[in-house]
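Worksheet: the structure to be examined is printed underneath.
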Amino acid sequence: MGGKAVSASDVDFVSSAASAGALEVEASRVAVEKTKTPTVRAFAQKVVDERAKIGTELRALTVAKSVGNLGAMSPKDGDQLRRLKELQGREFDREYVAQIGVAAHQDAVGAFQKAADSASDNQVKTFAQAKLPVLRDHLKDAQQLAKEVGAPAAGSKSDPLATGSTK
């Protein structure tokens, strides 16, 4: 591999963005199947379509070649998906919207903003800048949907379910 060294933070961004994107797509596929709420289904389908496209573009980045097992979800994201799959009805809708709609998109916007501002690789920086409007749009839609289904409209940065802690 010629050229300059790959930045560890760029590799970390690509790896975590791929895992988070896979979680959003898979959880949203589950939501399309499970939910009886038309607005939740429409949001979930939009996430599947747009995040799958972002994932394909992410995998095409040169830095992605430095990431092992790029398509795999992290264990934490896999656990979150398994917990969501166990829920039903309104409880599923609330948790899907809170965790995937709001919290995951807040995290994504933060990670993409950081990469857009400070990625070493220009291809990564340009990619992150280009995808921020889509992610912000998803977050705005999710916050509106959260009000509709009675979920928190602001995700907690430290989700006790995800971390296993209570604070």
- Task: Report yes if some residue within region 151-165 is at pLDDT below 95 and crowded, with 20+ Cβ neighbours inside 10 Å; otherwise report no.
- Result: yes
- Val32 vs (1) at pLDDT below 95; (2) open to solvent by less than 60 Å² (accessible area, probe 1.4 Å); (3) in a helix (DSSP H, G or I): all pass except (1)
- Query: From Leu23, Leu81, Leu61, which residue is more than 14 Å from the chain's Cα centre (by Cα) and in contact (Cβ under 8 Å) with a residue 12 or more places away in the chain?
  - Reply: Leu61
- Note on the structure: Screening Val11, Val6 for residues that are under 16 Å from Ser120 (Cα atoms), part of a loop (DSSP other than H, G, I, E, B) and out of contact with any Pro (no Cβ under 6 Å at 6 or more places or on another chain) leaves only Val6
- Message: Taking the criterion of being in contact (Cβ under 8 Å) with a residue 24 or more places away in the chain, more than 23 Å from Leu135 (Cα to Cα) and assigned to a helix (DSSP H, G or I), would at least one residue in region 40-51 satisfy it?
- Response: no
- Restricting the search to region 69-116, which residues are open to solvent by less than 60 Å² (accessible area, probe 1.4 Å), part of a helix (DSSP H, G or I) and farther than 16 Å from Ala142 by Cα? Asp77, Gly78, Gln80, Leu81, Leu84, Gly89, Ala111, Phe112, Gln113, Ala115, Ala116
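How many residues are among the β-branched types (Val, Ile, Thr), within 21 Å of Ala142 (Cα to Cα) and surrounded by 17 or more Cβ atoms within 10 Å (Cβ to Cβ) if we restrict to region 36-68?
Step one: list which residues in region 36-68 are among the β-branched types (Val, Ile, Thr), which gives 37, 39-40, 47-48, 54, 56, 62-63, 67.
Subset that is within 21 Å of Ala142 (Cα to Cα): 37, 39-40, 47-48, 54.
Filter again for surrounded by 17 or more Cβ atoms within 10 Å (Cβ to Cβ), leaving 37, 40, 47-48, 54.
Matching residues across region 36-68 total 5.
Return yes or no: is Val40 farther than 12 Å from Ala17 by Cα and touching a helix residue (DSSP H, G or I) at 6+ places or on another chain (Cβ under 6 Å)? Break it down stepwise before answering.
Details: farther than 12 Å from Ala17 by Cα: yes; touching a helix residue (DSSP H, G or I) at 6+ places or on another chain (Cβ under 6 Å): yes.
Yes; evaluated as a whole, the condition is true for this residue.
The values are calculated or read from the model by the stated rules, or taken from the named source; none is laboratory data. Worth saying up front: this structure is predicted, and the values here are computed from it rather than measured. Every residue, glycine as well, gets a Cβ built from its backbone with ideal geometry; the counts of neighbours run over all protein chains shown. Note: areas computed on protein heavy atoms with side chains; ligands, DNA, RNA excluded. Shrake-Rupley method; radii C 1.70, N 1.55, O 1.52, S 1.80 Å.
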